[in-house]
Amino acid sequence: MPDKSAQTATLSQALLEQFACPVCFGALSLVEGGGQIRCMGCGRGYPVIEGIPVLIAERAVEAGP
């Protein structure tokens with residue numbers, strides 16, 4: 001099974017610019033270490049599973065304080 005950093009390596013910032021947060025429509029960026037995409041607007045985190053970003057509001061991790 002490949003590690004998560006290899007799975008997310010195919011996600012580039014140019015590709016992420018085509019997507020937006022489904023909650024606030026903010027810009028997205030890849031979190032260092034891979035495995036998650038973070039909204040720069042509301043701070044929610046979305047999982048990346050097998051190289052595919054899961055941009056479903058119910059699967060988001062809420063931003064901390």
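Values in this text are rule-based calculations from the coordinates and carry no lab data. Since the model is a prediction, treat every value here as computed from it, not as a measurement. No Cβ is skipped: glycine too gets one built from the backbone with ideal geometry, and neighbour counts run over all protein chains shown.
Were the residues from residue 13 through residue 25 laid out at 0.36 nm apart, the gain over their Cα-Cα distance would be 2.7 nm.
First check a/c for the range 12-63, with a ≥ b ≥ c the square roots of the eigenvalues of its C-alpha gyration tensor; if it is under 1.5, answer rounded, and if not, answer prolate when a/b is larger than b/c or oblate otherwise. Because its axes are fairly even, with a/c under 1.5, the range 12-63 counts as rounded. Considering only the other residues whose Cβ falls under 15 Å of the Cβ of residue 28, what net charge follows from Lys and Arg at +1 and Asp and Glu at -1? Residues near residue 28 contribute +1 overall.
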